[in-house]
Amino acid sequence: MSKPYTMPVEELREAAQGLAATLEQQHGVKARWQGDSVRIKGAGVDGELSFEGGVVDVSVRLGLLASAFKGVLENEVRRYLDEYIT
């Protein structure tokens, strides 16, 4: 999923760090920053959040067992983006 942004990059990075921390706490994944992107890895979850050119891009691949939570994860990420990314 993608969302355009106009907020300063520093604020965007803080919002992305908040999302990564939330996912770590609630879903047991690990987040690792690489430049302006954060990789999310966990049991059956492999994803990335990146931002450049005025667009935040979130991509996630779910394993077979984790795919049962696809709707929950998608809704949580979308809600977070809508609430914290401007």
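Points to keep in mind about this one:
- Amide hydrogen proximity for Met7: with H placed 1.01 Å from N in the peptide plane, the residues at 5 or more positions away or on another chain lying under 5 Å are Thr86.
- For the chain, the Cβ-based charge dipole about the Cα centre amounts to some 380 debye (Lys, Arg positive; Asp, Glu negative; other atoms uncharged).
- The chain, accessible surface, carbon-and-sulfur percent (1.4 angstrom probe): 53 percent
- Derived from the Cα gyration tensor, the three semi-axes of the equivalent ellipsoid of the chain are 21, 13, 11 Å, largest first.
- Accessible surface calculations at 1.4 Å, restricted to protein heavy atoms, place the chain at 62 Å² per residue.
- Expected 222 nm ellipticity per residue - DSSP helices of 4 or more, -39500 (n - 2.57), all of the chain, to 500: -13500 deg cm²/dmol
- Listed residue (Val58, Ala16, Val45) projecting farthest to the positive dipole end of the stretch 8-86, Cβ model: Val45
The values are calculated or read from the model by the stated rules, or taken from the named source; none is laboratory data. Not measured: the values here are computed from a predicted model. Quick reminder, even Gly has a Cβ in these numbers, built from the backbone with ideal geometry, and neighbours come from all protein chains shown. Side chains are part of the model used for accessible areas, which takes the heavy atoms of the whole protein and leaves out ligands, DNA and RNA. Shrake-Rupley method; radii C 1.70, N 1.55, O 1.52, S 1.80 Å.
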